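Here's the structure, in structure tokens; my notes come after.
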Amino acid sequence: ETAHLATLRDLPAETLNGEKVTLKANMELPSELAVLMGVGAEGVGLLRSEFLFMNRPDLPGEDEQYEILRTILEGLNGTELTVRTLDVGADKLTPQFGDIKMSDPNPALGLRAIRFSLKMRGLLENQLCAILRAACHGPVRILLPMITTCEEVMLVREILVDMMRKLKRRGEDLPEKLPPLGVMIEVPAAALAADALAQVSDFFSIGTNDLTMYTLAIDRGNEQVAHLYDPLHLAVLRLIQFSTEAAKRAGIPVNLCGEIAGDDRYTALLIGLGLRELSMVPLALPRIKRRIRGLDSAVVTRLATEIMAMTDARAIARTLTAFNRDLE
Ligand code: PEP
Ligand code: MG
């Protein structure tokens with residue numbers, strides 16, 4: 001089977017009826033570069049920049065961040081790198097900010113991700129400067145975690161324009177245009193306001209890990225309620241569908257980068273819901289590609305319509321399982 005998956009590397013990820021799906025990799029460490037190129041990923045859909053801040057007592061400066069991003073871009077052979085700005089807080093802790101969790105009774109609802117970055121403005125500015133400079137070395141997009149309002153996006157865009165000016169004054173090499181600025185759809189508010197967010201964002205990436213947690217009010221790290229954590233819950237599926245359609249109506253790209261993107265039990269449904277870009281842990285990519293190559297887009301669209309009309313979670317799971325079994 002491994003040999004078969006390896007031969008998939010150079011085949012396109014397209015459905016039986018020729019619809020192209022873009023498969024990208026999620027990346028947490030620069031050392032994963034070889035693996036993700038090896039499986040034929042078409043760029044990085046999610047670089048979790050938290051890794052830059054881990055396993056060290058101090059903070060990485062602009063130059064250091066720039067060098068690392070540049071090295072990654074040089075390894076990507078001209079494919080696109082989507083850098084997510086720092087996502088700390090809640091389940092993601094780095095030693096420099098160790099006291100966030102301690103001082104916060106409800107970290108998942110607290111000073112996390114973009115909220116943290118907008119408070120620690122200097123850190124965000126450094127990170128944006130590093131990304132802007134790296135953008136001279138290959139195609140880059142900037143992705144903002146845990147967005148809930150349009151104002152947050154507009155504010156970051158202003159800061160981005162300011163940083164571009166600042167770097168220009170400093171005489172740095174810069175890209176001609178601002179890189180696309182996109183948002184994670186990972187909080188119900190963002191999904192429900194996706195049509196508004198699409199007016200101020202250049203692309204979406206749907207983060208079903210957090211979207212499931214926040215929609216169902218299930219802590220993704222709490223074992224006592226783990227059995228209730230279900231990305232197939234109708235509420236989560238509706239939010240995925242609504243944000244995907246909002247992006248399409250607005251004419252902006254939409255990616256899905258939660259763990260379900262790399263789980264072939266969900267692939268038929270995600271394609272049926274209209275997604276054409278998935279970003280996943282690199283080693284899952286051949287399997288997802290194989291699954292896509294066995295799908296017909298009209299058939300999975302009907303499957304998605306059928307599933308979205310169901311009210312019983314077990315019926316949804318059963319329908320999907322039966323559909324996948326018939327494919328094997
Ligand atoms: C998500 O929430 O789905 C996501 C991709 O981001 P992370 O897992 O890093 O929170
Ligand atoms: Mg997330």
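Nothing in this text is a laboratory measurement; each read-out follows from the coordinates by a stated rule. This structure is a prediction, so every number in the text was calculated from the model and none was measured. In this analysis, Cβ positions are derived from the backbone assuming ideal geometry, glycine residues included, and neighbour counts consider all displayed protein chains.
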Next item on the list: Could you work out how far helix 62-75 tilts from the main Cα principal axis of the chain, as a 0 to 90 degree angle to the nearest 10?
Entry: 40
Check: Exposure proxy check: R265, R70 ranked by fewest other beta carbons within 10 Å?
Finding: R265, R70
Item checked: Volume per residue that the Cα convex hull of segment 273-317 spans, once the total is divided by residue count, Å³ -> 98
Margin query: Give the separation of the Cα centroids, segment 31-88 to segment 166-228, in Å.
Written below: 17
Item checked: Coarse-grained scattering of segment 1-154 at q = 0.14, 0.16 Å⁻¹, given as base-10 log I(q)/I(0) from a Debye sum over alpha-carbon atoms -> -0.76, -0.93
Item checked: Cut-off 14 Å between beta-carbons: net charge of the residues surrounding D263, Lys and Arg +1, Asp and Glu -1 -> +2
Next item on the list: Set Lys and Arg Cβ to +1 and Asp and Glu Cβ to -1, take the dipole of segment 178-286 about its Cα centre, and tell me which of Q224, M184, L197 lies farthest positive.
Entry: L197
Note to self: If you scale each eigenvalue of the Cα gyration tensor by 5 and take the root, what three semi-axes come out for segment 171-303, rounded to whole angstrom and sorted largest first?
What the structure shows: 25, 20, 16
Item checked: Pairs beyond 25 Å (Cα-Cα), from K24/K168; K24/K177; K119/K166 -> K24/K168
Next item on the list: Quick one: net charge around T82, please, counting Lys, Arg +1 and Asp, Glu -1 for every other residue with C-beta under 9 Å from its C-beta.
Entry: +2
Check: What ranking of E186, E223 emerges when the number of other C-beta atoms within 10 Å of each C-beta is taken as an exposure proxy, fewest first?
Finding: E223, E186
Check: Where nothing but the Cβ of Lys and Arg (+1) and of Asp and Glu (-1) is charged, how large is the charge dipole of the chain around its Cα centre, in debye to the nearest 20?
Finding: 420
Check: Counting only Cα, what are the radius of gyration and maximum Cα-Cα distance Dmax of the chain, in Å?
Finding: 19.6, 61
